[in-house]
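Written below as structure tokens is the structure these notes are about.
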Amino acid sequence: MSNGGAFQSPRIGSCFFSQRSKKFYLAAYFSYSLDKLFPFFNLIKSMLLGTHLLKINHVEKEIVIDRVEVAAEGVAAGLLIGSLDLIRIIDIGSGTVNYGTMINRKFNDKGRFTIATGMEATLTTDYIAFTRQVALRAIQGGWQAHDKVYLVGGGAYKVISYMTDYFPLAKLASNDVITANVQAFHMIARKLYG
């Protein structure tokens, strides 16, 4: 992990108000791979639970978090697809590339892995070479050329035209791949909390 192993503050991905419960809900995420976070889920939950002071537009607000759920970044965006088939998700972020698999809209642990080289962590702007690295890792992980592969994350726009050389069915997961994870977390939160 960066920061000498210390956790970074979570980024707020989405916030909504539930008329049913009369509460605000927010989706927050950390910029670490699921592999690195898995042993720390309970620690992360305990860090977020409780009362917190936030400064929003120079005004302090007190919020109380009474429930925390953890979802996998990257693969959660597969929920936006709506397919019951096997689908693969590649989340090309600034610091990491996360790979995930969903079957019947459920997370499948066997097709999940991460590389610690994202769009800003690489020393090159050679997107063809970067795409080759990303695709070859997926192939090493057992992905097949005919798999339905969907790209999300800030780097998706830059590599999609090259990714189809390796996965001809590859496409962007949504019209706004930069916020695809946020959209998915918002969908999950609405289902969990109404």
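Below, the figures for the structure above:
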read-out	value
Some residue of the stretch 133-140 being out of contact with any helix residue (DSSP H, G or I) (no Cβ under 9 Å at 6 or more places or on another chain) and either within 15 Å of E73 (Cβ to Cβ) or open to solvent by less than 30 Å² (accessible area, probe 1.4 Å) (or both)	yes
Selected residue (criterion: farthest from A180 (Cα to Cα)) from residues of the stretch 59-77 that are part of a loop (DSSP other than H, G, I, E, B) and open to solvent by 40 Å² or more (accessible area, probe 1.4 Å)	D66
Single residue of Y157, Y150 found to be surrounded by fewer than 18 Cβ atoms within 10 Å (Cβ to Cβ) and among the hydroxyl-bearing types (S, T, Y)	Y157
Of residues in the stretch 78-96 being under 29 Å from L49 (Cα atoms) and either touching an Asp or Glu at 6+ places or on another chain (Cβ under 7 Å) or part of a loop (DSSP other than H, G, I, E, B) (or both), the one most open to solvent (accessible area, probe 1.4 Å)	S94
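The values are calculated or read from the model by the stated rules, or taken from the named source; none is laboratory data. Note that the structure is predicted; figures quoted are calculated from it, not measured. For neighbour counting, all protein chains shown are included, and Cβ atoms are generated from backbone atoms with ideal geometry for every residue, glycine included. Note: areas computed on protein heavy atoms with side chains; ligands, DNA, RNA excluded. Shrake-Rupley method; radii C 1.70, N 1.55, O 1.52, S 1.80 Å.
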